[in-house]
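First up is the structure itself, then whatever we jot down about it.
The values are calculated or read from the model by the stated rules, or taken from the named source; none is laboratory data. Bear in mind the structure is a predicted one, so any value in this text is a computation, not a measurement. Here the Cβ is made from the backbone with ideal geometry for all residues, glycine too, and neighbour counts use every protein chain on show.
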Amino acid sequence: MLDGVPGLGGPPNSLFVAARAAKLYHARMTRPPIDSDARLLHSGVKFDLYQVEVSTRAGGKKERELIWHGGSVVMLPILDDGQVLLIRNKRHSIGRTLVELPAGTIEADDTSAEAAARRELQEETGYTASTLTELCHFYTTPGFSNHHLIAFLATGLNEGQQKLDAEEDIVVIKATLDQVLSMIVSKEIIDAKTMATVFYYQLIPQHGDSD
């Protein structure tokens, strides 16, 4: 899916060869330009933490801590009547509930990013999509992580049942695209992946008119 995109092709950097097999699905994603092997500090379910040495401009070395993540997907689900599906998602990392687009980590048994998007959409919203169209991709925090997100437009939606994990607390809400934009302006929506995906969608000529 990412073939031909500058910087997203080629073999994996040797730094992350030791990463668990569940994360090797994303070998096509770029790795930080590391000059030496890394020391694994923590291997988690969703990411690994490495300590590495990087070269300075003066020719010296400096230690950095970098997070390697297997990648995620975010979906912009639009119903036939033009309303957008959003979620109220309790985020334990910040101790508050955010209004977001549905999203999730690409798992080891997902055959593609699109397969992950279909799975996460159904799990978090209960809806299935007949059509997924890739919109864009971006790095979320390149200062300390390779975390990479692929955004999809989801259409032809059919309602079903959520399949939430035990720790997830997610409520589905609906809003027009104009309402979503207003929620961003008013800072009710402060989730970066949601803002980036909605703004990108607005830039597409055939979709940019929200009237």
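Within the stretch 153-183, track down each residue that is assigned to a strand (DSSP E or B) and either not assigned by TED's automatic domain parsing to the domain that holds Glu124 or not small (Gly, Ala, Ser) (or both).
Of everything in the stretch 153-183, those that are assigned to a strand (DSSP E or B) and either not assigned by TED's automatic domain parsing to the domain that holds Glu124 or not small (Gly, Ala, Ser) (or both) turn out to be Leu153, Thr155, Leu157, Asn158, Ile170, Val171, Val172, Ile173, Lys174.
Given the structure, is Ser186 in the same structural domain as Ile87 (by TED's automatic domain parsing) and either without any contact (Cβ under 8 Å) to a residue 12 or more places away in the chain or among the basic types (Lys, Arg) (or both)?
It is true that Ser186 is in the same structural domain as Ile87 (by TED's automatic domain parsing) and either without any contact (Cβ under 8 Å) to a residue 12 or more places away in the chain or among the basic types (Lys, Arg) (or both).
Exactly one of these conditions fails for Ile94: (1) among the aliphatic types (A, V, I, L, M); (2) over 24 Å from Leu153 (Cβ atoms); (3) touching a Gly at 6+ places or on another chain (Cβ under 9 Å). Give me its number.
(3)
Looking for whichever is over 15 Å from the mean Cα position of the chain (by Cα) and among the hydrophobic types (A, V, I, L, M, F, W, C) here; the options are Phe138, Phe152, Phe144. Which one fits?
Just a single option satisfies the conditions, and that option is Phe144.
Could you list, in sequence order, the residues of the stretch 141-171 that are surrounded by 15 or more Cβ atoms within 10 Å (Cβ to Cβ) and either of a type in the set (Gly, Ala, Ser) or under 18 Å from Leu76 (Cα atoms) (or both)?
Ser145, His148, Leu149, Ile150, Ala151, Phe152, Leu153, Ala154, Thr155, Leu157, Gln162, Ile170
If you scan the stretch 85-126, which residues turn out to be within 19 Å of Asp191 (Cβ to Cβ), part of a loop (DSSP other than H, G, I, E, B) and not hydrophobic (A, V, I, L, M, F, W, C)?
Passing the criteria: His92, Ser93, Gly95, Pro102.
Can you give me the number of residues within the stretch 96-117 that are over 20 Å from Ala175 (Cβ atoms) and either in contact (Cβ under 8 Å) with a residue 24 or more places away in the chain or surrounded by 16 or more Cβ atoms within 10 Å (Cβ to Cβ) (or both)?
11
Any residue at all in the stretch 46-61 that is assigned by TED's automatic domain parsing to the domain that holds Ala151 and more than 26 Å from Gln161 (Cβ to Cβ)?
Checking the stretch 46-61: not a single residue is assigned by TED's automatic domain parsing to the domain that holds Ala151 and more than 26 Å from Gln161 (Cβ to Cβ).
Which pairs turn up if I take residues in the stretch 69-95 that are charged (D, E, K, R) and look for partners that are in a loop (DSSP other than H, G, I, E, B) with beta carbon separation below 6 Å, at least 6 apart in sequence or on another chain?
Filtered contacts from the stretch 69-95: Lys90/Asp169.
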